[in-house]
Every structure is written in C-alpha cells, then in structure tokens.
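Read the structure below first, then the notes.
Quick note: the coordinates plus some simple rules give every number you see, no bench work behind them. Everything numeric in this text was worked out from a predicted model, so none of it was measured. All Cβ positions, even for glycine, are placed from backbone atoms using ideal geometry, and neighbour counts span all protein chains on display.
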Amino acid sequence: MTSAQDADARWLSWLRAVWVPLALVVILGAMAVVSGFLSPELQYVAETGFVYLVVVVGLYTFIGLSGVVSFGHITFMGIGAYASALVSIPVITKQVLLPALPHWLEHTQMSLVPSVLVGGVVALVFALIISFPIMRISGIAASITLFAVLIVGNVVGSNWVQVTRATQTMLGVPTDVGMGVAFGAAALAVCAAYGLEVSRVGLRLKATREDEFAARSVGISVARSRAWGFALSALIVGMGGALYGHLVGAFSASDFYLDTTFLTIVMLVVGGMRSLTGAVVGTIVITVLQQLLTYVEGGLNLGLFNIPALPGLSEAGLALVLLLILLFRPNGITSGLEVGFPVRRRRQPDTGADVEVGEHERDAHVVQDLAHDPSK
C-alpha cells in the first residue's frame, strides 16, 4: 500500500467513525437554514422542535442504549427548567415573584450558557441520587418505578410555593434562545449522544440491553452501567429543559408531566428508539405532523369545503401514528439503523465494470493490503 493509499484509507476510516453525527448535524443545519425563510410562527415551531430534539436525544442515550423504557425523564426536564430559571431571572423580578428564596439564590443572575449548565448539572445530581437503587430493578418494574418518579416530581413542582410558585406560572425567564442557539444545542446533543454511544459506558449499556445475563457473566455491572447512563441522560434532558424555559419564557409544573412525556416518547418510538438517527427522524416527523394537526384542529375553510374545529385532533392523531408504527414498523421508521455511509465505486479488475464498495468490503481490502505488506 502506497503512502497515498494509506492516507486515503486513514481518511476514510476517520470519516466513517464520525459519519453519523456529521451527517445528522448537516441535515439539521440545512433545516435551520430553510426555517429562516419561513414565517415567524413557523420559525418558532422549528426552534421548539430543536429544543425537543435535545430532550429526545437525551431519552435515547438511556432508553435506546439500555432498553429500559423510562416514563420519568421529563422530571429532569422540569428540574433543568426550574433550576435554570432560578439563576437567570432578574433579581428584581425574583424579589417580587419568589420572596422566600434563599438570599444567595435571590441575588444570583446568570447568562444563558451558565444557567443552562446549572440546569443540566442539578438534573444530573438528582438522577445520581435516585439512580443506583432504581437501576437495580429491571424490566417493567423499572419503568413503573420511573413513572412514580414522574408523579412525585409533578406533585413537588405543583406544591413547592417558595421555589416553583406551585401551580402558578414561572415568569420572567429571559427568552434568549433563538434559532442559532437551538440548532447549536441540538447539534451538540447529537454529538454528545454519539460519543456516549461509542464509549465504554455506551457499549456496556448496549450489552445489558441485548442480553442482561450474558453481560453479567463477563463482569459487567448492570446496575452501575445503567446508573451512569441514566445520570448522563438526565444531564442532556435537564439542559433541554433549561433551553425550553429560555425559549418560552414562562412555564408551570404541568408543562413537564404526561403530555410532554407522551410526546417525547412518541418521537423516539416513531423514529426508532435503537438508533440516534431514529431519535432525530422521529422528532422531525412528529414536529411537522403535530403542527399540521394543530392547524387542522382549529378548523379550515377551503371554499367549497369547510372543516369544523376538531378539539383533541393533535393527541388523537399522534396516538394513531404511534399505533400504526407499532403495528407495521415495530422498530420505527429507521428500523434501528443509522444514516448510511456513502459507498465508493471501484473498477472490477476482470470485467472492468464499476461495483459499489460498502464499508465492510473496504475494510476487507485494507486488511488484504496490509497482509501483503505488513510493514504498512
């Protein structure tokens, strides 16, 4: 193998290693550019979709890698939103809305990036506290326990007057998340999730997903692996919640309960919960579909045809889509596959015809070349 061929092989190997996050970020970037030509209302929908993508990617890093369905992750989204709001709302506003806050917190005001990090870290700490006992449970029992976490989180958020204003709306959160910030956060979440997936933690999580008993037999601690995956997932979801708070500017505890849980899980399941590409595709598809259903839900006048208002159409439509996906494509739209690496064509030495060379075949040729010349 010549030095040029060796450099080409190294370049292709590196490109294949980063292809999935690179391709997904490029797709998201193209969507962000296109959304700039839409109306302000649709731009806001796109920004909301990017923020939800951060949350869904966070869900994927635990549900997709471990195989444990979690109904409690939206609690971390709420924790991130409230924690970020408490350190970013102007001091004067906090003195009026939250007079019972501790003195140090009442006089703390951070910008967007530090407050989002605070929201993620607080969610991470809370997840670490509850993860080790919960992750000792497997299967449906773990899912039910995590659903209990969601209920407890909602009860606390709806009654903690001094910190969350109970059922009243949290106001005054700076609305400094635009398209640039939303896209950047989504791109970072995708890259972070992929990095976790190919790391030791991610590979151990996949091992526990495929065969829990086999994973134990080779020395993998299922509880510890899932606990770390659970905590890192909570970090991403918490930062997504913080971004959501800075996007909408006002929210309450009800925003982080059953409706959002159902919506984000539908996004993950529809796209395919076993691949990062599925998490991205599902979020895009459901965001667009939900906007269309919401538009029709309010009623349409098409001249000859008049469609009356149909309250509840969005929820019913999403439920129907989920049911159809589970019936006809149980593994989601992507079937658990990642975005494919483009194949390269080479000339067949005997016939002279062009044939496609896939990833595994290219690797085989590299191995053969190295076998012929081990010094390379």
Of the candidates Gly153, Gly120, the one satisfying the condition of being surrounded by 15 or more Cβ atoms within 10 Å (Cβ to Cβ) and closer than 14 Å to Phe256 by Cβ is Gly153
Could you list, in sequence order, all residues of region 172-197 that are surrounded by 19 or more Cβ atoms within 10 Å (Cβ to Cβ), part of a helix (DSSP H, G or I) and either of a type outside the set (Ser, Thr, Tyr) or touching a His at 6+ places or on another chain (Cβ under 7 Å) (or both)?
Val181, Ala182, Phe183, Ala185, Ala186, Ala187, Ala189, Val190, Ala192, Ala193, Leu196, Glu197
Could you pull out the residue among Leu12, Leu42 that is more than 26 Å from Phe230 (Cα to Cα), part of a helix (DSSP H, G or I), touching a strand residue (DSSP E or B) at 6+ places or on another chain (Cβ under 9 Å) and among the hydrophobic types (A, V, I, L, M, F, W, C)?
Leu12
Hits in region 198-210 - residues which are assigned to a loop (DSSP other than H, G, I, E, B) and in contact with a helix residue (DSSP H, G or I) (Cβ under 9 Å, 6 or more places away or on another chain)
none
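If you check Val149 against the conditions, is it in a loop (DSSP other than H, G, I, E, B), among the hydrophobic types (A, V, I, L, M, F, W, C) and in contact (Cβ under 8 Å) with a residue 12 or more places away in the chain?
no
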When the residues of region 2-53 are narrowed to those that are surrounded by fewer than 16 Cβ atoms within 10 Å (Cβ to Cβ) and of a type in the set (Asp, Glu), which ends up nearest to the chain's Cα centre (by Cα)?
Glu41
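This table checks each residue for (1) loosely packed, with under 15 Cβ neighbours inside 10 Å; (2) under 24 Å from Ser254 (Cβ atoms); (3) of a type in the set (D, E, K, R).
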residue: His107; (1), (2), (3): yes, no, no
residue: Pro133; (1), (2), (3): yes, no, no
residue: Gly139; (1), (2), (3): yes, no, no
residue: Gln162; (1), (2), (3): yes, yes, no
residue: Arg165; (1), (2), (3): no, yes, yes
residue: Met170; (1), (2), (3): no, yes, no
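Residue-wise test of (1) within 21 Å of Arg204 (Cα to Cα); (2) touching a Pro at 6+ places or on another chain (Cβ under 8 Å); (3) free of Cβ contacts under 8 Å to residues at least 60 places away in the same chain.
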position: Met31; (1), (2), (3): no, no, no
position: Phe37; (1), (2), (3): no, no, yes
position: Pro40; (1), (2), (3): no, no, yes
position: Val45; (1), (2), (3): no, no, no
position: Leu53; (1), (2), (3): no, no, no
position: Val57; (1), (2), (3): yes, no, no
position: Thr61; (1), (2), (3): yes, no, no
position: Gly67; (1), (2), (3): yes, no, no
position: Ser70; (1), (2), (3): yes, no, no
Hits in region 97-143 - residues which are in a helix (DSSP H, G or I), touching a residue at least 24 places away in the same chain (Cβ under 8 Å), of a type outside the set (Gly, Ala, Ser) and closer than 30 Å to Val69 by Cβ:
Val116, Leu117, Val118, Val121, Val122, Leu124, Phe126, Leu128, Phe132, Ile134
